[in-house]
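The values are calculated or read from the model by the stated rules, or taken from the named source; none is laboratory data. What you see is a predicted model; the values in this text were computed from it and never measured. Using ideal geometry, Cβ is built from the backbone for each residue, glycine included, and neighbour counts are taken over all protein chains shown. Just the protein is used for accessible areas: all its heavy atoms, side chains included, with ligands, DNA and RNA removed. Shrake-Rupley method; radii C 1.70, N 1.55, O 1.52, S 1.80 Å.
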Amino acid sequence: MKTHSAIRLFAALGLSAAVGLAHAGAVDALKKFNNDSDGLSGSFTQTVKSKKKTQTTHGSFQILRPGLFKWEYTKPYKQTIVGDGQTIWLYDVDLAQVTKSSQNQAIGDSPAAILSNKTALDSSYTLKEDGSSEGIDYVLATPKKNNAGYQFIRIGFKGDNLAAMQLKDSFGNQTSISFSGLNTHPSLSRSQFRFTPPKGVDVLSN
């Protein structure tokens, strides 16, 4: 279950160009983010709430648009998710297992895939202003089709800086992510998003 949920969460990070009814401040921040940021790196804290439990994880990430990302969980377990533009690789260190699946260039169903695609939200979701909380201005993205992976996605900005994401999936699980230490112009190359399974691990295909 941990592997499956991580893949779902990961394929959702690539914000789209902002249109629609969103508040000018949040819309402008989203537009600027998409127009100016071809790369992104930083740290995150992620909390997933399901009916049975709540789990908080910490880690770091790197994104190179379009479509490349690396999402690394460091606490309380170690797990790496890499999107190389064609394949999503999930490496679970504790299980000594790698799971690979096809990477969809449309909107994915994880935060990392959403953030790695500039236009995915705009094409699949309706965007509107969703108020402010603790100095963060939010845009609410609701799916245009009923079969989307998420009931809604909220993207929060402090000024022009990406600050938070909140997502509720089709099963009712809620994910909250806070970002810190962001670099919107990191020095990244495509080679950094190549993944080779370590020797001795099991490799599974979805």
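Extension gain for Thr142-Thr184 works out to 12.5 nm (0.36 nm per residue, less the C-alpha to C-alpha distance). Sorting Tyr73, Tyr91 by accessible area puts them as Tyr91, Tyr73; the probe is 1.4 Å, largest comes first, and only protein heavy atoms count.
Rounded if a/c is under 1.5, else prolate if a/b is larger than b/c, else oblate: which is the chain, with a ≥ b ≥ c the root eigenvalues of its Cα gyration tensor? The partial results should precede the final answer.
Numbers: a/c = 1.65, a/b = 1.43, b/c = 1.15.
Here the chain falls in the prolate category.
Size of the dipole of the chain about the Cα centre, Lys and Arg at +1 and Asp and Glu at -1 on the beta carbon, nothing else charged, in debye to 20? Walk me through the intermediate numbers first.
Working: 23 positive and 16 negative charges, 101 e Å.
The dipole magnitude comes to about 480 debye.
Rolled with a 1.4 Å probe across the full set of protein chains, the surface gives Arg154 an accessible area near 40 Å². Computed 3J(HN,Hα) for the stretch 26-35, one whole-Hz value per residue from the Karplus formula 6.51 cos²θ - 1.76 cosθ + 1.60 where θ = phi - 60°, is 5, 5, 4, 5, 5, 4, 5, 4, 6, 6, glycine and proline marked x.
Given a Förster distance of 45 Å, report the FRET efficiency between Asp160 and Asp202 from their Cβ-Cβ distance, rounded to the nearest 0.05. Before the final figure, lay out each step's value.
Details: r = 43 Å, r/R0 = 0.96.
E(calc), rounded to 0.05, equals 0.55.
Across the stretch 74-85, computed HN-Hα scalar couplings (Karplus, 6.51 cos²θ - 1.76 cosθ + 1.60, θ = phi - 60°) run 10, 9, x, 10, 9, 8, 10, 10, 10, x, 9, x Hz from first to last residue, x flagging Gly and Pro.
How many percent of the accessible area of the chain is carbon or sulfur, using a 1.4 Å probe? Roughly 47 percent, rounded to a whole number.
May I ask you to derive the FRET efficiency for Leu95 and Lys75 from their Cβ-Cβ distance with R0 = 25 Å, giving the value to the nearest 0.05?
Details: r = 17 Å, r/R0 = 0.67.
Taking R0 as 25 Å, the efficiency between Leu95 and Lys75 is 0.90.
In sequence order, the stretch 54-66 has phi-based couplings of 10, 10, 10, 10, 10, x, 9, 8, 9, 9, 10, 7, x Hz under the Karplus curve 6.51 cos²θ - 1.76 cosθ + 1.60, θ = phi - 60°, and Gly or Pro positions carry x.
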